[in-house]
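**Student:** What follows is a single structure, and I will ask about it in a moment.
The values are calculated or read from the model by the stated rules, or taken from the named source; none is laboratory data. On a predicted model such as this, the values are computed, not experimentally measured, just so you know. We place every Cβ from the backbone using ideal geometry, glycine too, and count neighbours over all the protein chains shown. Just the protein is used for accessible areas: all its heavy atoms, side chains included, with ligands, DNA and RNA removed. Shrake-Rupley method; radii C 1.70, N 1.55, O 1.52, S 1.80 Å.
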Amino acid sequence: MAVSRRFLRRLALILILVAGWAATSAVARQPAPPVHCGSAARCAVSNAYGAWGDRMECWASAVVYPTTEEEIRAAVARAQQSCQKVKVVSGFSHTIPKLVCPSSVGESIVISTAKLNSHIEVDVENRRVTADSGVGLRALIDKVEAVGLSLVAAPYWEGVSIGGMVSTGSHGSSWWGRGGAVHDHLVALRLVVPAARARGFAEIIELDGGDEAFNAAKISLGLLDVISKVTFSLEPAFKRSISLSFRDDGRLQDEFMELAGAHEFADITWYPSQHSAVYRLDDRVPRNSSGDGKNDFLGFQNLPILSSKAVRFLEKANEAARSRSGVCAMAAVELAFKRLMANGLKSDGNLFLGYPVVGHQGRMQTSGSCVNSPASDVLNACAWDPSIRGLFFFETTAIFPASTFRGFVTDVKKLRDLRPEDFCGVDVYNGLLIRFIKASLAYLGQPEDSVAVDFNYFRADEPSTPRLNQDVWEEVEQMAFFKHRARPHWGKNRRVAFHGVPQKYPNFSEFQAVKMMLDPAGMFSSEWSDEILLGKEAADKEDGCAMEGLCICSEDRHCNPRHGYRCKPGLVYQEARVCRYSASAATASIHQTC
């Protein structure tokens, strides 16, 4: 008996709900390591998503796993002596751009910090913690909380090393105090840098706020050194109180600054297709406040592999059928489920008992239960684990000066109102997550109080396969980075987000000067990292390059004209150039003869 598409759609939607229920007790497996070495003296370097932005493989000649600072120094010295290129990768590797990919020319090594994770020292009196750069964020937080202190800033995803999250500018959400960016809570860094023969080809240096290079090293992108140890400032332990307020999005552009000023850790999740915004009212409260809740964000929970595969199946079916109504049905169910489950907030144990949810800072600031689990489990995994062929998506993160963010929201609303159903695809994931980042002294940090917007959207299995509503997300992306001059998150984004990026950072030349001082021969640079740092668009655009954000189209061949996608102006931002589908163009292509 044939199974109808409607039945499969309903089945997948049910499985979304089942996944959330099963996540309360499931145990997920650890993701695969990011470096794999074969017998041909070559090592493949990947990220946690199993695909780089250009989908090309990344290779190194060898990988080393130091366990001490001295072993790092020895590895860098050998590379310096042999004129090898060096890149550093963590045991997690969630960076989306190819910052950890060595040069494709000549010999290269990758230094993995996966085993550099044995040392965490808390100085209770001075409220500081020093740890090896390979230490996982969760291990650091637990150690600090155990002695009555709290780390104030952290990214929402805990599956990162502390060295990796510092070097890529990871952040939470806050304009209060020192702000929500992790690097702005740094006290000191210990680094291994190349050196002259007389100094043993490599040396260990320590930087703090009194050093000229400290503001460059805070966000280094792995281009200056190997971070060996990190020291953060801490505060007396406290709790957080969180309530989620589900509202109409009509006044979002007028309320975001008020929210950030009223609540220390506030954020907003905006679901444009649903005309809904979820305001997180999030504040610190005294440590003796009643409550032992935790934040176990639904998207980072332990998910049955079957449900992740079913959601992916449904996404692909809707894309193939060009079914906007199917995508919008998924978006509506997702939002309803998140409202029912408080998006993973749990009052006590595994239950949500109502707002506010109060819990210790260490349990409320970050989450990622799917990454902390034994490898023996074969039934559950992170939803994006490439080995299960589950979710596969793009992630765009634009960081706006607070003064320009209102204009961006207004433009997105104009585009949404023209084609409301086209925005359902982003709401199937987590809508547009809006967070607040305080001005920073870091040369590659935010030069003024800023608003960060993250959004995920469907990525096809094959790079040439067009996406439903592709033009909408290309227009939003270009609107953000070019019309409203947003800066990219260094650890996320497609290639186009980095076009012209040096001009967006007032202290970019100062960063380059420190780079030349610490790494004059460019040991830590590659064509891939230069592409991100220098933000240059390729002179020769290949056919289909706009399909995955490798270029901005200027001719139809940069899209997929055979499937009816041609290069067109934006609908609201006329200067944008996007790959838009035309049914008539698709029909003409089908009937075209050679």
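**Student:** Looking at (1) in contact with a Lys or Arg (Cβ under 6 Å, 6 or more places away or on another chain); (2) open to solvent by less than 20 Å² (accessible area, probe 1.4 Å); (3) of a type outside the set (Asp, Glu), which is the one condition that is false for residue 151?
**Tutor:** (1)
**Student:** Say we look at segment 471-515 and pick out the residues that are touching a Lys or Arg at 6+ places or on another chain (Cβ under 9 Å) and of a type in the set (Phe, Trp, Tyr); which of these is surrounded by the most Cβ atoms within 10 Å (Cβ to Cβ)?
**Tutor:** Per the criteria, the residue is 481.
**Student:** Something else about it: Search segment 467-481 for residues that are not assigned by the TED database to the domain that holds residue 567 and pair each with any residue that is among the polar types (S, T, N, Q) and open to solvent by less than 10 Å² (accessible area, probe 1.4 Å) when their beta-carbon atoms are under 6 Å apart and the residues are at least 6 apart or on different chains.
**Tutor:** Matching pairs, first to second residue: 477/396.
**Student:** Only helices (runs of 4 or more DSSP H) wholly contained in segment 214-331 count here; list those with 1 or more residues that are more than 30 Å from residue 74 (Cα to Cα).
**Tutor:** 252-262, 305-321
**Student:** May I pose another question? May I ask you to list the residues in segment 420-440 that are touching a Pro at 6+ places or on another chain (Cβ under 9 Å), surrounded by fewer than 23 Cβ atoms within 10 Å (Cβ to Cβ) and outside any helix (DSSP H, G or I)?
**Tutor:** The one that is touching a Pro at 6+ places or on another chain (Cβ under 9 Å), surrounded by fewer than 23 Cβ atoms within 10 Å (Cβ to Cβ) and outside any helix (DSSP H, G or I): 439.
**Student:** Kindly indicate whether residue 417 is among the charged types (D, E, K, R), out of contact with any Gly (no Cβ under 8 Å at 6 or more places or on another chain), assigned to a loop (DSSP other than H, G, I, E, B) and open to solvent by 10 Å² or more (accessible area, probe 1.4 Å).
**Tutor:** No: the conditions fail for residue 417.
**Student:** Working only within segment 395-414, note down all residues that are within 21 Å of the chain's Cα centre (by Cα) and open to solvent by 10 Å² or more (accessible area, probe 1.4 Å).
**Tutor:** Residues satisfying the conditions are 395, 401, 402.
**Student:** Please pick out the residue among 228, 220, 241 that is at pLDDT 95 or above, in contact with an Asp or Glu (Cβ under 8 Å, 6 or more places away or on another chain) and under 13 Å from residue 166 (Cβ atoms).
**Tutor:** So the residue among 228, 220, 241 that is at pLDDT 95 or above, in contact with an Asp or Glu (Cβ under 8 Å, 6 or more places away or on another chain) and under 13 Å from residue 166 (Cβ atoms) is 228.
**Student:** Could you say whether any residue in segment 41-60 is more than 23 Å from the chain's Cα centre (by Cα), open to solvent by 40 Å² or more (accessible area, probe 1.4 Å), closer than 27 Å to residue 462 by Cβ and at pLDDT 50 or above?
**Tutor:** Yes.
**Student:** Of all residues in segment 325-342, how many are more than 15 Å from residue 429 (Cα to Cα), open to solvent by 40 Å² or more (accessible area, probe 1.4 Å) and not hydroxyl-bearing (Ser, Thr, Tyr)?
**Tutor:** Matching residues across segment 325-342 total 2.
**Student:** Can you name every residue in segment 516-535 that is touching a residue at least 12 places away in the same chain (Cβ under 8 Å) and under 21 Å from the mean Cα position of the chain (by Cα)?
**Tutor:** Those that are touching a residue at least 12 places away in the same chain (Cβ under 8 Å) and under 21 Å from the mean Cα position of the chain (by Cα): 528, 529, 531, 532, 533, 534, 535.
**Student:** Do you know which of the residues in segment 175-213 that are of a type in the set (A, V, I, L, M) and part of a loop (DSSP other than H, G, I, E, B) is surrounded by the fewest Cβ atoms within 10 Å (Cβ to Cβ)?
**Tutor:** In this case the residue turns out to be 196.
**Student:** From 138, 190, which residue is over 19 Å from the mean Cα position of the chain (by Cα) and either modelled with pLDDT under 95 or outside the structural domain of residue 95 (by the TED database) (or both)?
**Tutor:** Exactly one residue qualifies, and that residue is 190.
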